[in-house]
Amino acid sequence: MAYAYDPQNVFAKILRGEIPNRTVLETAHSLAFHDIAPKAPVHVLVIPRGPYVCWDHFAAAADDAEIADFTRAVAEVARIAEVAPGAGGAGYRLISNAGANGVQEVPHLHVHVMGGHPMGPMVLLR
């Protein structure tokens, strides 16, 4: 399947330094920063530096080093933010939306690391 990556999306601009961010963690293949409209006391976005639209694009096209780095970056953000249960935190939620039905707003893979209070139900049924 072909994925159309838009190099003008807001996260691509952040990666190029055109838009400032409040960085939490930088690695060789990933960047983590505070969400500008947090929905929880802890709300950090983790993005790969590569041009990946969503999780399945990343899983299919990223190399092993990128995948390992991104996965470890997400875990490190939870530790840094003091929400990781293994680091004494009370837990967190990871969210990654994909496509229209997933309500993906920015066409660049990103994972929301959210915590700092009970997160409530995973999904509200309509």
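Every read-out reported here was derived from the displayed coordinates using simple, explicitly stated rules and does not represent laboratory data. None of these values were measured; they are calculated from a predicted model. In this analysis, Cβ positions are derived from the backbone assuming ideal geometry, glycine residues included, and neighbour counts consider all displayed protein chains.
Listing 123, 106, 77 from fewest to most neighbouring C-beta atoms within 10 Å gives 123, 106, 77. When the alpha carbon coordinates of the chain are projected onto the principal axes, the ranges are 39, 39, 28 Å, largest first.
Based on the Cβ-Cβ distance of residue 117 and residue 6, what FRET efficiency does E = 1/(1 + (r/R0)^6) give at R0 = 41 Å, to the nearest 0.05?
0.75
Would you mind checking the tilt of helix 64-80 against the longest principal axis of the Cα atoms of the chain, expressed as 0 to 90 degrees and rounded to 10? Helix 64-80 sits at roughly 30 degrees to that axis. Taking the helices alone, the chain has a mean residue ellipticity at 222 nm of -7000 deg cm²/dmol, built from -39,500 (n - 2.57) per DSSP H run of at least 4 residues and averaged over all its residues. Note on region 1-56 and region 92-124: Cα centroid distance 14 Å, given to the nearest whole angstrom.
Net charge around residue 120, counting only other residues with Cβ within less than 12 Å of its Cβ (Lys, Arg = +1; Asp, Glu = -1)? Numbers along the way, then the final one.
Values: positive: 39, 93; negative: none.
So the surrounding residues net to +2.
Residues 70, 33, ranked from the fewest to the most other C-beta atoms within 10 Å, line up as 33, 70. Shown for 57, 34: other C-beta atoms within 10 Å of each C-beta, ranked fewest to most, produce the order 34, 57.
Please report the net charge: other residues with Cβ closer than 15 Å to the Cβ of residue 108, K and R +1, D and E -1.
Details: positive: 13, 16, 49; negative: 6, 18, 35, 56, 66, 105.
That sum, taken over residues with Cβ under 15 Å, equals -3.
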